[in-house]
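Let me begin by presenting the structure, written as structure tokens, before commenting on it.
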Amino acid sequence: MAEIVAALGDARSIIDVGAGTGSYEPPDRTVLAVEPSAEMVRQRPAGASPAVRALAEALPVRDRAADAALAVLTVHHWTDWRGGLAELRRIAPRQVVLAYDTRLHTEFWFVREYVPEIADLELGRPSAPDIAAELGAESVLPLPLPWDFTDGVFPAYWRRPAAYLDPRVRRACSALAQTDPAAVERGVRRLREDLDSGRWHEQHRDLLALDQWDAGFRLIVARE
């Protein structure tokens, strides 16, 4: 969050596109949230910024409506990601996008060793370098994941493998929720066996010594 706020700079008005429940909206700015899912809008906490239901590809605001457009881990869900990025450029002179390098996601041990089918899904999504090039980004900042990261993004549990045995954790990860359930169950079963035998810890002892790890998350900033 600190890096996102720093990237927003002196922007006082922000349109958060694909806002979800508003986890990354700075409380000291004027924010309009745009989110297509009624379920997500309902989950926004009391006192959250006002939200409208709309798609990134057709934002219901005028040109240059805000100082900055914010998009946090959402571009890979858009039907037309290039069209959505064009909309970000239309509505604000500064664009701040948190995305990830899909190639690095495919190298994550859970994908490589347990559910390789996830790689096909990830490689079909727009990657952080593609997004940065499309926006003509002025900066791309790597954001390594702390070992105890509290946001349940897919690789968040890179040093806490037992978390992936929890169905609630898996449902919260789009990469797992959108992959063949049979493949996920097979992989989870194999992971459980490797945790019980100690094989996982033996093979990944190098990870256990790290406080943070680069899963490919990138903070992209562009200005016009």
Subject >> One residue from 222, 215, 132, 162 being in contact (Cβ under 8 Å) with a residue 12 or more places away in the chain, assigned to a helix (DSSP H, G or I) and open to solvent by less than 20 Å² (accessible area, probe 1.4 Å) >> reply: 132
Original post:
Would it be correct to say that residue 115 is touching a strand residue (DSSP E or B) at 6+ places or on another chain (Cβ under 9 Å) and not hydroxyl-bearing (Ser, Thr, Tyr)?
Top reply: no
Original post:
Does at least one position in region 105-124 carry a residue that is in a helix (DSSP H, G or I), crowded, with 21+ Cβ neighbours inside 10 Å, without any contact (Cβ under 8 Å) to a residue 60 or more places away in the chain and touching a Ser or Thr at 6+ places or on another chain (Cβ under 9 Å)?
Top reply: yes
Original post:
So which residues in region 32-79 are free of Cβ contacts under 8 Å to residues at least 24 places away in the same chain, surrounded by fewer than 21 Cβ atoms within 10 Å (Cβ to Cβ) and either part of a strand (DSSP E or B) or under 17 Å from the mean Cα position of the chain (by Cα) (or both)?
Top reply: 36, 37, 40, 52
**OP:** Output yes when any residue across region 40-56 is closer than 18 Å to residue 1 by Cα, hydroxyl-bearing (Ser, Thr, Tyr) and modelled with pLDDT of 95 or more, and no when none is.
**Re:** no
Subject >> Which listed residue, of 37, 13, is modelled with pLDDT of 95 or more and farther than 25 Å from residue 146 by Cβ >> reply: 13
**OP:** For region 195-209, enumerate the residues that are outside any helix (DSSP H, G or I) and open to solvent by less than 70 Å² (accessible area, probe 1.4 Å).
**Re:** 198, 204
**OP:** State whether one or more residues within region 175-194 are in contact with a Ser or Thr (Cβ under 8 Å, 6 or more places away or on another chain), among the hydrophobic types (A, V, I, L, M, F, W, C) and open to solvent by 10 Å² or more (accessible area, probe 1.4 Å).
**Re:** no
Subject >> In region 80-110, residue nearest to the chain's Cα centre (by Cα) [restricted to those that are farther than 30 Å from residue 207 by Cβ and among the basic types (Lys, Arg)] >> reply: 82
**OP:** Answer yes or no as to whether residue 137 is in contact with a strand residue (DSSP E or B) (Cβ under 6 Å, 6 or more places away or on another chain), part of a loop (DSSP other than H, G, I, E, B), over 19 Å from residue 194 (Cα atoms) and open to solvent by less than 50 Å² (accessible area, probe 1.4 Å).
**Re:** yes
Original post:
Taking residue 155, is it touching a residue at least 60 places away in the same chain (Cβ under 8 Å) and touching an Asp or Glu at 6+ places or on another chain (Cβ under 9 Å)?
Top reply: no
**OP:** For residue 150, work out the one condition from (1) of a type in the set (Ser, Thr, Tyr); (2) part of a helix (DSSP H, G or I); (3) surrounded by fewer than 15 Cβ atoms within 10 Å (Cβ to Cβ) it doesn't fulfil.
**Re:** (2)
Subject >> Meets criteria (modelled with pLDDT of 95 or more and not charged (D, E, K, R)) for residue 136 >> reply: yes
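The values are calculated or read from the model by the stated rules, or taken from the named source; none is laboratory data. Here the structure is a predicted model, which means the values were calculated and not measured. Cβ: placed from backbone, ideal geometry, glycine included. Neighbour counts: every protein chain shown. Just so you know, the surface numbers come from the protein's heavy atoms only, side chains and all, with ligands and any DNA or RNA stripped out. Shrake-Rupley method; radii C 1.70, N 1.55, O 1.52, S 1.80 Å.
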